Every structure is written in structure tokens, then in C-alpha cells.
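*Asks:* Here it is, the structure in full.
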Amino acid sequence: MQANQQEQVFNFLSDPASHAQVAPVIRIDTHGAAVFLAGEHAYKVKRAVRFPFMDYSTLEKRRLACEAEVAVNRPHAGKLYLGAVPITLSAQGFSIGGSGEPIEWAVHLKRFDENQTLDLLAERGELSADLVPKITKAVLAWHGRAEIHDVNQSVDALSGVLEETIAELLAARESFPPERLAELVERLRGSFAANRPLLLTRGREGQVRRCHGDLHLRNIALIEGEPVPFDAIEFDEDIAVTDILYDLAFLLMDLWQRGLFGAANICLNRYLWCCPDLERQLRGLALLPMFMALRAAIRAKIGVLPDASGRRSPAGQALAMPYFRAASAFLTPSRPRLIGIG
């Protein structure tokens, strides 16, 4: 299905009549999906796009991705994920889960209050101190249930993510200060090389698991007073199978980037305090600057990705710059200080 044909499906899902309702359907667009909020239901359609890190270019790939998203998220957010459904076409027109020919696929979710994702709570100043420990508890629960995986494959995959991110940043070098971009590239590669032995050690200790993979504030929703992570990575196991501290680093980076330094510190300290293997995680803290820098660099990369016409969005480039600066800052050496408190 071409992009213009897929837009016909989007128009169908945007029509309240398609959902037997009169209230407007809310549409939310991202690089990889279009989400349609209709009454008590939500339908998420993968865009017919192909990036170096994500390929939804065929109907079969989108079907498999929808089924994988449901399978990955159900153990942790089972109340939200209702299944993968076909969008069909018959002589009577389009239908959700109809008997006609499947021409598109969607993830069917139970709708929650879209104003209760944690990024919006943070923007409204509603990310309270008593909520942060609950967020950490939810992350610990996810990591505790996560399957342990092979260490060598995950370290090689993380190296691939790093090099792919660098390649995308260099492809958009006109968007960033040249000297600072060169410095960031050098520091990312140097930090990874220096930390590779520790990454391998942690993998042998069982710290490489099938994680969420995209654990930032927008992918955690407050439902019935409890934070629920959702929308875990389903399109690439090499991204999702990683060190648990790299998974946590996305959340820490997001909090830090928003200026929520206290929340980031509470989150990290509560994670360490409540984890079952404190000494291992303390040794792993040496990885956090690299992990957080890479997470920030990935967000910068996404901001400068070209659209279907090959153009880079000025708005995306503007959003990329704070993440680029953050990535550089996380890897900038700082003078150690000893502070005594009495």
C-alpha cells in the first residue's frame, strides 16, 4: 500500500461514523504511526515507512508488527492491549475487523485519558514527588519479569545502534555545530570502547533482558492512579534486548532534559534502593553517562530525520538541538567533588 492509499484508511478511521459515534475522533501522528482515539477505543496504524532502524514498508510487515506489539505489551499492560485487527475493504467499503480483504492492520487498545501521559503531567507541573516512586516501581516490575538474553549479541546490537545514530547525525551535519558534532561522535565512540568490558560483565551477570526499549515519559500513562508503561519497542529485538540500566537511562534522560533533576535523582535512587542486586547496579552506574548521552543523541537523530519527500522539518530540527546539547553535556568530563553533610 502506498502512502496515498494508506491515507484513505486514515480518513476512514478519522470519521466518527466508522466507529458508530458522533463525537470527533482525535488523531495523533508520530514518525512511525497514526493513532485514532474514538470513544472508549484506540486504533494504532503503523505508517508505511522505512527507516534504517524501522521497516513498516509492506502490509505483511505491518501485520507482524501489530501482532508483536500486542504480544510484547500484554504481560505488562494487559488491560490496554485488546488485539491486532484488520482494516478490510469490501463492496460496502472499509470496515474494522470486517470480512473483506485486509488492506491494513491496527493495534486495538482500550482508550485511556490521553491527557494523563507522564510527559503532559510533567509539562503541567503535576509530576509530584509521591508519583516518582510509583514510576520506579513500575519500571522495576517490568525489568523483574523480563527474560534474560545473550550478552554478546546485545553488546554488538548496542554498538550498531550507536553507529547508526552517529551516521544519522552526520547525515544531518548542517543541523548541528560542526565542532561539537565531531566532539560528540568521538566521545560516544570512546565511551563505548572504554565501557565494553563492563557491558559484557553485566551481561554475564544477567543484566541484559528483553526490556521496554522506549521508556520515556510519553510512553507511561497514569491509569487509575498507577503509572503503566506501554508502547514498548516491537519492531527490533536488537533495540529492546539490552542492559536494564540502558532502559532506565531513557527515563532518567527525559526527566533530566525537562529540568526535573529532583525527580530524576529520586527515580534513580529508588531504583537502586529497591532492586534485588544493589552492588551490581552500583558498579553499573559507570555506564550511565554513556547510556544517557546515547538516548539523548537518538532523540536528536529522530528530530532531524527526513520526511517522505526527503526534507528535514525545521520544527524537528529545533526540537533536536536541546537533545544534542544534552548528549554532549552527559559526556563532558566534570571535576569530582566531595561534599560532607553533617
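The values are calculated or read from the model by the stated rules, or taken from the named source; none is laboratory data. This one's a predicted model, so the numbers in the text were calculated from it and none came from an experiment. FYI the Cβ positions are ideal-geometry reconstructions off the backbone, even for glycines, and counts take in every protein chain you see. Ligands, DNA and RNA are stripped out before the accessible areas are found, and what is left, the full protein with its side chains, is counted by its heavy atoms. Shrake-Rupley method; radii C 1.70, N 1.55, O 1.52, S 1.80 Å.
*Asks:* With the condition kept exactly as written, say whether any residue in region 288-295 is among the aromatic types (Phe, Trp, Tyr), buried (at least 24 other Cβ atoms within 10 Å of the Cβ) and in contact (Cβ under 8 Å) with a residue 24 or more places away in the chain.
*Replies:* Narrowing region 288-295 to residues among the aromatic types (Phe, Trp, Tyr): 291.
Filter once more, so that each one left must be buried (at least 24 other Cβ atoms within 10 Å of the Cβ): 291.
From what is left, the residues that are in contact (Cβ under 8 Å) with a residue 24 or more places away in the chain are 291.
Yes: one or more hits.
*Asks:* Here is a further query. What are the residues in region 250-280 that are open to solvent by less than 70 Å² (accessible area, probe 1.4 Å), closer than 22 Å to Ala232 by Cβ and more than 22 Å from the chain's Cα centre (by Cα), if any?
*Replies:* Cys275
Table: residues versus (1) on the phi < 0 side of the Ramachandran plot; (2) open to solvent by less than 40 Å² (accessible area, probe 1.4 Å); (3) under 23 Å from the mean Cα position of the chain (by Cα).
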| position | (1), (2), (3) |
| --- | --- |
| Gln8 | yes, no, no |
| Ala20 | no, no, no |
| Ala34 | yes, yes, yes |
| Glu40 | yes, no, no |
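*Asks:* Within the group Leu37, Leu13, which residue is part of a strand (DSSP E or B), more than 21 Å from Ala240 (Cα to Cα) and hydrophobic (A, V, I, L, M, F, W, C)?
*Replies:* Leu37
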